[in-house]
């Protein structure tokens, strides 16, 4: 059944998970500040409400209440390592704690560091494409997008090559549970996330101690120095490293196939980009708006407040519909149209306000290089007629593809 004809607003239905835009459009018209009984949260769909919420200090980024509710009656010991990690994550903090941690995190994103990233990104992209060059077929997810961001981050962090696959194995379950897992088997997700958190922290503690003895120019070395200069306990540093690694991996791993899907399904825009490669930065912005890899962010109300005429009680979970806001016709002309020349384009692909993505510059560089290199090296790339892409949506917070086969 077409979701637009249903009487309810089921955010967790298969239709809504894999193609949420019809439901978002309906909610904006009929119930823009909607309470989801199934999810137990308020859901915002208008650009003006979402942007106001992102700046509202009454909405907390400390989401322990969400995770606790999600886990239900599970034994707390199953997630003790996960919660210990979350308690130290910058993204889970409010000012003034967040402000201090953000200042330190910025030490890893210096102008000198930015200059060194471009060749790393290009080299890594080329290495991955070299591996499939002669095959004339590839899975964008398995062969490129899953590996590219983690390999780049690993290189920037100075993590050994042999540890790259472990980073992915640990990152995915942590991100799935953090994002509000859309699954009935929450116990298994929790177990994998907790195991991943424990292993990730242990690995990074070892790396940090090595950097203390032999500091380099990698990001972990820079952050280790920054923590010690500010008198912060180094036991808290793995949380920041994992946050940067996870954010860099999970979001880019999803947005790369999302963007390629948009380009291939809009051949006029793909041809426009081929004809004018200088449009790549504008194209990246439109990709981030059109099919965000992070369609929802969660906040917790610290006090009673009113949004869109609805009374929201303290302690309530509020879901910020980032993707819904990015398709709000009050903000964007013809939001359903994919237009790589769209200007202005004030999308929320990297958030807004205090929690604006610290790795936005790296992500833009990565995406621009990835798409440009793909089109330059494989100018005839197209969907694989024998194998259709497989969408993936394991949580409300993340949206991507499980596989995306192409031929060239």
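Only residues that are at pLDDT below 95, touching a strand residue (DSSP E or B) at 6+ places or on another chain (Cβ under 7 Å) and under 27 Å from residue 389 (Cα atoms) were counted in the range 1-56, giving 4.
What number of residues within the range 308-319 are in contact with a helix residue (DSSP H, G or I) (Cβ under 6 Å, 6 or more places away or on another chain) and outside any loop (DSSP other than H, G, I, E, B)? Lay out the reasoning, then the answer.
Here is the first cut: in the range 308-319, the residues in contact with a helix residue (DSSP H, G or I) (Cβ under 6 Å, 6 or more places away or on another chain) are 308, 317.
Now narrow it down to the ones that are outside any loop (DSSP other than H, G, I, E, B): 317.
Going through the range 308-319 one residue at a time, the tally reaches 1.
Would you be able to say whether some residue in the range 95-103 is within 29 Å of residue 402 (Cβ to Cβ), out of contact with any helix residue (DSSP H, G or I) (no Cβ under 9 Å at 6 or more places or on another chain) and either loosely packed, with under 15 Cβ neighbours inside 10 Å or touching a residue at least 24 places away in the same chain (Cβ under 8 Å) (or both)? So far as the range 95-103 goes, no, none of its residues is within 29 Å of residue 402 (Cβ to Cβ), out of contact with any helix residue (DSSP H, G or I) (no Cβ under 9 Å at 6 or more places or on another chain) and either loosely packed, with under 15 Cβ neighbours inside 10 Å or touching a residue at least 24 places away in the same chain (Cβ under 8 Å) (or both).
Kindly establish whether residue 292 is crowded, with 23+ Cβ neighbours inside 10 Å and assigned to a loop (DSSP other than H, G, I, E, B).
yes
Pairs meeting the criteria (first residue in the range 261-281 and closer than 12 Å to residue 372 by Cα, second residue assigned to a helix (DSSP H, G or I) and modelled with pLDDT under 95, beta carbons under 8 Å, at least 6 apart or on different chains) are 281/364.
State whether the residues of the range 126-139 include one that is at pLDDT 95 or above and within 18 Å of the chain's Cα centre (by Cα). No, there is no match, as no residue in the range 126-139 is at pLDDT 95 or above and within 18 Å of the chain's Cα centre (by Cα). In contact with a helix residue (DSSP H, G or I) (Cβ under 9 Å, 6 or more places away or on another chain), in a helix (DSSP H, G or I) and exposed (fewer than 15 other Cβ atoms within 10 Å of the Cβ) - does that describe any residue in the range 47-62? Scanning the range 47-62, I find at least one residue that is in contact with a helix residue (DSSP H, G or I) (Cβ under 9 Å, 6 or more places away or on another chain), in a helix (DSSP H, G or I) and exposed (fewer than 15 other Cβ atoms within 10 Å of the Cβ), so the answer is yes.
The values are calculated or read from the model by the stated rules, or taken from the named source; none is laboratory data. Note that this is a predicted model, so its numbers are computed, not measured. Ideal geometry is used to build each Cβ from the backbone, glycine not excepted, and the neighbour counts take in all protein chains shown.
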